[in-house]
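Input: a single structure, listed below in structure tokens.
The values are calculated or read from the model by the stated rules, or taken from the named source; none is laboratory data. Predicted model, so just to flag it, every value in this text is computed and none were measured. Quick reminder, even Gly has a Cβ in these numbers, built from the backbone with ideal geometry, and neighbours come from all protein chains shown. Quick note on the areas: whole protein, heavy atoms, side chains included, nothing else; ligands and nucleic acids left out. Shrake-Rupley method; radii C 1.70, N 1.55, O 1.52, S 1.80 Å.
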Amino acid sequence: MARWLKQSKSIQERAEDHKQVRQVVETILADIEKRGDAAVRDLSRQFDGWDRPDFRLSRAEIHACLAQLSDQDLSDIAFAQAQVRNFAEKQKATMHDLEVETMPGVTLGHRHLPVGAVGCYVPGGKYPLLASAHMSVLTAKVAGCGRVITCAPPFAGSPAPAIVAAQHMAGADEIYVLGGVQAIGAMAIGTESISPVDMLVGPGNAYVAEAKRQLFGRVGIDLLAGPTETLVIADETVDGELCATDLLGQAEHGPTSPAILLTNSERLARDTMSEIERILAILPTGEIARKSWEDFGEVIVCDDYDEMLEVADRIASEHVQVMTDRDLWFRDRLHNYGALFLGPRTNVAYGDKVIGTNHTLPTMKAARYTGGLWVGKFMKTCTWQIVESDEASALVGSYASRLSMLEGFAGHAEQANVRVRRYGRRNVPYAEAAQP
């Protein structure tokens, strides 16, 4: 039976935190709906200490940001974007339009159509997370979306040059320096200066995630991406230093980021906990990582690999790092995860920054029912149908009529009946044709 050597905050404590977030977001979105740009400006001043006549960057300002980066910086961004673009293009190539004759005279099909306008949020208040621009803007462009706009908060009192460069190089059509709920609300609701979008994507803090949740339906969203989660599944083929490094590498995202070790070795579990304390003392981001580890870190020891598999699927973590003597065994059997990182030679940071898979992934157990952001999320699969023969229309109509009447829908039945009369047997009285 699984044993917890360390547990995280209770579900009840987390729920109480979320209640306050929900109320704040409701108030902010209502204000944006009512006052538009004026509300956005007030909120930007309040939360980011940021104000300017127009939050959209001009072409000159964009190029000024690029000029602040070294050739190596720009080359590194270009390399990462090439990996993301390549994988997105390969994914898109698997999405084929369909056209099939399902019975004589009846052809059905579907088309994959890109979303018209997309708003991409790039978090950057604590760290300038330029990688989120690759994952959202570039992937939307590969999908063929016609208008892709971005919002990122100011960093240290000005636009973050690396984020601006990544947004521009990924192909953003409009770049705004706006953060938090005010950015999400402006893109979804629209203001006097920002035309609304059809879909919102991108990770963010709890307030950003809640804003997306409340706006879902008015616009589409990718998923509810809350605080970063990581689950390390390991056995004694690796050591505590490697496990601790991979746990804390994600815990530094923020003070509410769950980091969990799942193992069948108590010796590895205790070695990892010891290594965590050692690394926290020297990690530059140790203050944030420590808070996350203390409140949301867990260490779970299982009896065997089957139990590890069961517990991992129950946790349904965003990131799952597998370092065991049977990594592919876990790959073939795990069902609930955002992304898998298999073997000690890879890690979550590769996926976050450069390897090519998308880093916007399901959190809060959403991996039970959805995968992460990918090119297909930016496309609508829309069906079509055509009936090309009299016989087929009359045949389908006869079934449609009877099934409609079974549900009590006389109008639906008459839609079918009129076709049966016109395209089926000729000169048949209505009463007879109505009951084929």
For the chain, percent of DSSP beta bridges that are antiparallel (nearest 5) comes out at 35
So, with points 7 Å from each Cα along the Cβ direction, the residue 270-residue 147 label distance in nm works out to 6.2
With x for Gly and Pro, the residue-by-residue ³J(HN,Hα) of region 140-157, computed from phi through the Karplus equation 6.51 cos²θ - 1.76 cosθ + 1.60 at θ = phi - 60° and given in whole Hz, is 5, 5, 4, 5, x, 4, x, 9, 10, 10, 10, 10, 9, x, x, 10, 6, x
Note: probe point = Cα of residue 342 + 7 Å toward Cβ; backbone nitrogen < 19 Å; residues of region 237-264 passing the test are 237-238
If amide H atoms are modeled at 1.01 Å from N in the peptide plane, then the residues at a separation of 5 or more from residue 298, or on another chain, having amide H under 5 Å from its own are 259, 260, 261
Ordering 362-374, 274-286 by per-residue average of other C-beta atoms within 10 angstrom, highest first, gives 362-374, 274-286
Rounded to a whole %, the carbon-and-sulfur portion of the accessible area of region 180-301 at a 1.4 Å probe is 51
Stretched fully, the stretch from residue 82 through residue 103 gains (0.36 nm per residue minus C-alpha distance, one decimal, in nm) 3.1 nm
Checked against a 19 Å limit on the C-alpha separation, the offending pairs among 92/377; 291/353; 9/291; 92/365 are 291/353; 92/365
Within region 122-144, the residues whose backbone N lies under 16 Å from a label point placed 7 Å from the Cα of residue 94 along the Cα-to-Cβ direction are 143
If the chain between residue 241 and residue 61 were fully extended at 0.36 nm per residue, the gain over the current Cα-Cα distance would be 60.4 nm
Treating only Lys and Arg (+1) and Asp and Glu (-1) as charged, each at its beta carbon, one finds that the chain has a dipole about its Cα centre, in Debye to the nearest 20, of 1440
Region 69-227 accessible area per residue, 1.4 Å probe, protein heavy atoms, integer Å², reads 37
Expected vector for region 261-275, Karplus 3J(HN,Hα) from phi with 6.51, -1.76, 1.60 and θ = phi - 60°, integer Hz, x for Gly and Pro, equals 9, 10, 8, 9, 10, 5, 4, 5, 4, 6, 4, 5, 4, 5, 5
